[in-house]
1. State which residue pairs qualify: first residue touching a residue at least 60 places away in the same chain (Cβ under 8 Å) and inside the stretch B:230-247, second residue surrounded by 20 or more Cβ atoms within 10 Å (Cβ to Cβ) and aromatic (Phe, Trp, Tyr) in any location, beta carbons under 7 Å apart, and separation of 6 or more residues or different chains.
2. Considering each of B:ALA138, B:ALA175, B:ALA145 in turn, give the residue that is free of Cβ contacts under 8 Å to residues at least 12 places away in the same chain, surrounded by fewer than 19 Cβ atoms within 10 Å (Cβ to Cβ) and either in contact with a strand residue (DSSP E or B) (Cβ under 8 Å, 6 or more places away or on another chain) or closer than 18 Å to B:PHE258 by Cα (or both).
3. Which residues, taken from the stretch B:294-307, are surrounded by 24 or more Cβ atoms within 10 Å (Cβ to Cβ) and either at the interface with another protein chain (Cβ under 9 Å from one of its Cβ atoms) or not aliphatic (A, V, I, L, M) (or both)?
4. Can you give me the ranges of the strands (runs of 3 or more DSSP E) entirely in the stretch B:244-324 with at least 2 residues that are modelled with pLDDT of 95 or more, of a type in the set (A, V, I, L, M, F, W, C) and out of contact with any Asp or Glu (no Cβ under 7 Å at 6 or more places or on another chain)?
5. Take the stretch A:242-282 and flag every residue that is among the acidic types (Asp, Glu) and out of contact with any helix residue (DSSP H, G or I) (no Cβ under 6 Å at 6 or more places or on another chain).
6. Taking strands (runs of 3 or more DSSP E) that fall entirely within the stretch A:27-122, which contain at least 3 residues that are crowded, with 22+ Cβ neighbours inside 10 Å and modelled with pLDDT of 95 or more?
7. Give me the residue from the stretch A:351-390 that is among the aliphatic types (A, V, I, L, M), outside any strand (DSSP E or B) and at the interface with chain B (Cβ under 7 Å from one of its Cβ atoms) and, out of that set, surrounded by the fewest Cβ atoms within 10 Å (Cβ to Cβ).
8. Against the definition (more than 14 Å from every other protein chain (Cβ to nearest Cβ), more than 17 Å from B:THR204 (Cα to Cα) and over 16 Å from the mean Cα position of the chain (by Cα)), how does B:THR222 come out, yes or no?
Protein chains: 2
Amino acid sequence: MTESLTPPGVTLGIVGGGQLGRMLAEAAAPLGVEVVVLDPTPDCPASPVARDQIVAAFDDDGAIAELADRVDALTFEIELTAPEALERAGEEAGVPVHPKPTTLETIEDKLVQKRALAEAGIPVPAFRNVDDADDLRAAIEELGAPIMLKARTGGYDGRGNFPVESADEAETAMAEIGGPAMAERLVDFERELSVIGCTGAGETDAFPAGENVHRDEILRETIAPARADDDVLAEAHDVAADVLELLEGRGVYGIELFEHAEPRETDGARITVNEIAPRPHNSGHWTIEGAVTSQFEQHVRAVLGLPLGTTAVRCPTVMANLLGDTDHSRPIAAETDSHDGETPADAASMEGVEELLATEGAHLHWYGKRDVRPLRKLGHVTLTADGTGIDDRDALLERARDLRDGVRFE
Amino acid sequence: MTESLTPPGVTLGIVGGGQLGRMLAEAAAPLGVEVVVLDPTPDCPASPVARDQIVAAFDDDGAIAELADRVDALTFEIELTAPEALERAGEEAGVPVHPKPTTLETIEDKLVQKRALAEAGIPVPAFRNVDDADDLRAAIEELGAPIMLKARTGGYDGRGNFPVESADEAETAMAEIGGPAMAERLVDFERELSVIGCTGAGETDAFPAGENVHRDEILRETIAPARADDDVLAEAHDVAADVLELLEGRGVYGIELFEHAEPRETDGARITVNEIAPRPHNSGHWTIEGAVTSQFEQHVRAVLGLPLGTTAVRCPTVMANLLGDTDHSRPIAAETDSHDGETPADAASMEGVEELLATEGAHLHWYGKRDVRPLRKLGHVTLTADGTGIDDRDALLERARDLRDGVRFE
């Protein structure tokens with residue numbers, strides 16, 4: 001059953017060539033694994049470090065089939081692809097696809113995902129199907145306000161999520177979401193945790209839980225390991241193991257959890273599952289420097305059926321996202337021709353990078369995106385106890401925030 | 001004086017696209033720095049992870065000028081390039097070249113290099129210029145046999161080096177070397193050490209010395225930090241600092257040293273300089289996992305004039321080279337068309353990689369070369385105390401050798 005593909009001479013096809021595809025390609029190269037990505041944006045972030053890019057929509061059947069023909073295994077770094085096209089392309093080209101497209105189908109619809117979790121006895125916040133404003137009012141009645149209304153498909157980084165305070169807002173909220181949705185009880189939580197789980201060929205494992213700080217529903221920082229009690233971390237690990245059993249196919253999965261201080265609101269569960277991503281996850285970027293194996297190398301190993309690497313932590317680590325903070329779109333890495341001396345008038349420059357680079361133990365990851373947009377993920381900075389000499393995670397977080405805040409787009 | 005080039009949107013041109021170019025490109029990507037390489041081998045090791053490759057000879061003036069036109073800074077990862085062409089191309093395109101081509105000129109001729117070191121008062125084994133067999137016999141008379149005869153230019157990985165036991169071998173040795181040479185006294189040494197030094201914009205630093213094991217004049221393993229006494233390590237660091245002062249231009253330099261148990265043979269010096277490489281060096285590969293900053297990231301930072309990263313060690317680490325062990329050339333990563341089912345009859349496969357990947361704390365680096373040749377550097381494995389839990393460097397070395405020996409080309 002293991003379709004192990006041993007390097008060298010192995011090529012991995014990835015649907016999606018954003019920062020996740022870029023970091024997958026960066027991790028694949030040392031293993032002797034080449035990468036071809038499929039992405040609609042010409043010269044996408046992964047492109048400069050990949051063997052090649054097929055420029056096409058994520059769900060373009062023909063392009064997915066072309067990708068399958070050129071590679072030894074297929075995976076994806078974005079949920080906006082077509083599971084059935086992936087499955088068919090893999091079968092026709094005779095190459096494995098991981099995670100299984102059926103898993104993608106389950107996960108890409110948030111209602112289906114939550115139902116699958118609930119049916120497996122995995123604790124989740126109470127939720128209801130919401131097709132229209134009447135459903136939403138009924139859900140508020142049953143679950144109690146406030147609730148979070150979520151588009152069933154297509155949302156990410158807070159897009160497709162809409163908090164609802166009362167039944168009066170039902171019509172507005174449905175118009176905002178614009179399609180089939182689900183309502184979820186907004187339960188108080190102590191901490192957001194995240195476990196990067198991994199399923200290999202006949203083995204599963206997970207990195208120790210990290211702790212996520214969101215603002216405006218966008219991940220800002222991850223602290224690893226999480227500053228939670230050992231028994232909470234053990235429970236998070238157990239819940240993540242149960243989740244992995246549900247998911248078909250090899251790969252790395254980002255499992256976002258809530259830690260509840262008041263378990264009576266969640267039928268006694270101290271840990272509930274918020275959301276699953278069938279791919280490497282922003283909350284696992286800390287593993288590049290903070291763990292012995294990175295989540296990206298782990299995903300490549302898993303998809304190819306190679307042995308998983310150890311998930312051991314190297315040292316306390318904080319990851320902080322570098323988000324676009326300008327109020328309008330403008331290019332930051334425009335193709336300038338140095339011979340005519342012209343620079344596009346609205347090209348922004350990044351300031352504060354030198355201080356970041358001068359900080360011992362700070363690691364820059366830049367994604368090579370060409371436009372700054374507000375809250376767009378442009379890169380991240382990782383700060384490790386190794387190098388800084390700061391073992392205390394509160395202090396490490398504070399320093400990481402300072403460094404992150406020092407980077408500005410002028 | 002600092003020509004600092006702040007990412008993002010910076011492109012680095014590298015003359016040479018072998019494994020050093022590949023690992024430079026892997027390290028540049030997270031910094032938001034793109035790479036274009038110049039290399040005569042189509043699809044050279046760096047090519048799949050670089051933005052682009054110019055296919056041309058290392059010393060092709062026109063191609064070097066073309067490279068300079070396309071990038072923001074120039075460097076090289078091989079000494080077989082043309083210093084004057086590099087200098088001219090940098091001037092004409094208005095881009096900095098580091099290290100300085102004058103440094104390359106000094107280093108690429110082993111006699112000129114040794115003279116520069118000796119003139120600066122840096123301890124080196126006794127040496128003599130050798131233009132012909134008469135010179136060689138005179139050198140043996142003066143220095144005493146055995147001596148090492150070295151081609152002044154073009155040698156690497158033991159090529160261009162020829163040990164001479166007696167004056168009777170003078171004619172044979174000169175024919176073997178085939179050009180201007182130098183003779184060097186073969187002094188007993190306790191250990192071969194190597195310091196990766198780095199010169200940034202107004203700062204210099206060095207990684208702690210590693211310990212090198214050579215066989216047949218090819219590096220087999222590096223143990224880091226070296227298993228030498230603290231005072232010896234301090235002396236190695238001081239000598240390396242003196243060497244860095246001699247070298248013009250920013251970048252990482254591999255400084256190979258001997259540790260002498262009998263300093264009376266070397267005028268009292270416990271450390272002498274064997275050779276300098278004006279680029280990242282095989283003996284610094286351990287820094288990728290073993291140090292907070294890798295020598296490759298450090299070189300990119302240095303060449304661009306960015307702040308240097310810390311040279312702090314993360315944990316005891318052993319690097320072992322994966323060398324071609326077949327007795328004839330054959331392809332290992334041939335371009336096979338998966339649709340006709342044909343595999344070239346003499347394509348070799350690599351065995352033993354799975355055990356290596358299954359070992360916690362073992363890291364594979366494969367260079368993507370297409371032919372196995374005896375003793376060719378095809379990749380390396382790094383074994384860290386982090387992950388293995390083996391802190392003892394003798395035990396770490398033994399385990400790394402076992403893993404390396406388990407990888408075979410069938």
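The values are calculated or read from the model by the stated rules, or taken from the named source; none is laboratory data. These figures come from a predicted structure and were not determined experimentally. Backbone-built Cβ (ideal geometry, glycine too); neighbour counts: all protein chains shown.
1. Every condition considered, the pairs that remain are B:LEU247/B:TYR253.
2. Exactly one residue qualifies, and that residue is B:ALA138.
3. Once the filter is applied, which keeps residues that are surrounded by 24 or more Cβ atoms within 10 Å (Cβ to Cβ) and either at the interface with another protein chain (Cβ under 9 Å from one of its Cβ atoms) or not aliphatic (A, V, I, L, M) (or both), the stretch B:294-307 yields B:SER294, B:GLN295, B:PHE296, B:GLU297, B:GLN298, B:HIS299, B:ARG301, B:LEU306.
4. Qualifying strands (runs of 3 or more DSSP E): B:251-259, B:271-277.
5. Within the stretch A:242-282, A:ASP242, A:GLU245, A:GLU256, A:GLU262, A:GLU265, A:ASP267, A:GLU275 meet the criteria.
6. In the stretch A:27-122, the matching strands (runs of 3 or more DSSP E) lie at A:33-39, A:73-76.
7. Only one residue tops the list, namely A:ALA358.
8. no
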